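Remarks on the structure that follows.
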Amino acid sequence: MRIAIDIHGVVNRHVEFFRELTKLFVEAGHEVHILNGSSIKEGTPLGDKTIREIRALNISYTHTFSIIDYHEEIGTEIEYWDSLNPWIDGDLWDKCKGEYCEKNKIDIALDDTKGYAKHFSTPFVHFIS
């Protein structure tokens with residue numbers, strides 16, 4: 001099974017629950033994909049900050065995905081308000097996780113942003129904390 005879970009607003013709001021859940025999934029041979037808007041690119045202020053946040057949660061995962069890193073890789077125009085606040089077109093942002101989940105054959109995705117649901121063909125759980 002492949003499960004995708006958003007970090008900010010989902011995992012970081014229920015750390016103990018997701019620490020145990022992700023551990024059980026990974027130990028059973030399943031994939032846990034961590035979805036994130038922020039960069040996870042080491043050596044950058046935003047990436048280093050996000051990596052520290054993820055490590056501090058002490059969750060288990062097999063894959064990570066960053067919306068902003070993906071769009072940087074494909075050449076999307078990104079505006080940086082400062083080193084910790086990138087911005088891209090809202091439609092590109094909103095559909096990115098859904099596209100990732102479809103491409104990676106994710107079985108279920110959990111996210112706290114209800115507006116993303118319309119961009120998912122993957123089963124989507126609107127996670128309300």
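The values are calculated or read from the model by the stated rules, or taken from the named source; none is laboratory data. Computed from a predicted model, the values in this text were never measured in an experiment. Because the Cβ atoms are built from the backbone with ideal geometry, glycine has one as well, and the counts that use them run over all protein chains shown. Surface areas here come from the heavy atoms of the whole protein model, side chains and all, with no ligands, DNA or RNA. Shrake-Rupley method; radii C 1.70, N 1.55, O 1.52, S 1.80 Å.
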- Message: Going by Cα centres, segment 85-129 and segment 19-39 are how many Å apart?
- Response: 16
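Under the rule a/c < 1.5 gives rounded, and otherwise a/b versus b/c splits prolate from oblate, where does segment 44-117 land using the Cα gyration tensor?
Details: a/c = 1.75, a/b = 1.07, b/c = 1.64.
Oblate, because a/c is 1.5 or more while a/b does not exceed b/c.
Where both residues lie in the chain, what percent of DSSP beta bridges are antiparallel, nearest 5?
Bridges in the chain are about 10 percent antiparallel.
Over segment 1-89, with every protein chain in place, what whole percent of the accessible area is carbon and sulfur at 1.4 Å, could you tell me? Provide the component values of the computation, followed by the final result.
Values: 2440 of 4890 Å².
Exposed carbon and sulfur together represent 50 percent of the surface.
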- Item | Pair E53, K23: separation of 7 Å Cα→Cβ label points (nm) | 2.3
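Based on the Kirkwood radius over alpha-carbon pairs, what value in µm²/s does the Stokes-Einstein equation return for the translational diffusion coefficient of segment 21-82 at 4 °C and 1.567 mPa s? It would help to have the intermediate numbers written out before the result.
Working: Rh = 12.8 Å.
Taking Rh from Cα pairs, D becomes 102 µm²/s.
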- Note on the structure: Expressed to two decimals, the chain has a Cα Rg over Rh, using the Kirkwood radius, of 0.95
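With every protein chain kept in place and ligands, DNA and RNA left out, what is the accessible area per residue of segment 1-55? Probe 1.4 Å, answer in Å².
Working: 2730 Å² over 55 residues.
Result: 50 Å² per residue.
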- Query: Given Cα pairs under 8 Å that are at least 6 residues apart, what percent is the relative contact order of the chain?
  - Reply: 28
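Just how large is the dipole of the chain about the Cα centre, in debye to the nearest 20, putting +1 at every Lys and Arg Cβ and -1 at every Asp and Glu Cβ? Intermediate values should be presented prior to the final figure.
On the way: 14 positive and 22 negative charges, 94 e Å.
Dipole about the Cα centre, nearest 20: 460 debye.
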- Note on the structure: The Cα extents of segment 1-57 along the principal axes, largest first and rounded to whole Å, are 34, 20, 16
- Surrounding charge for N104, neighbours by C-beta under 11 angstrom, Lys/Arg +1, Asp/Glu -1, total 0
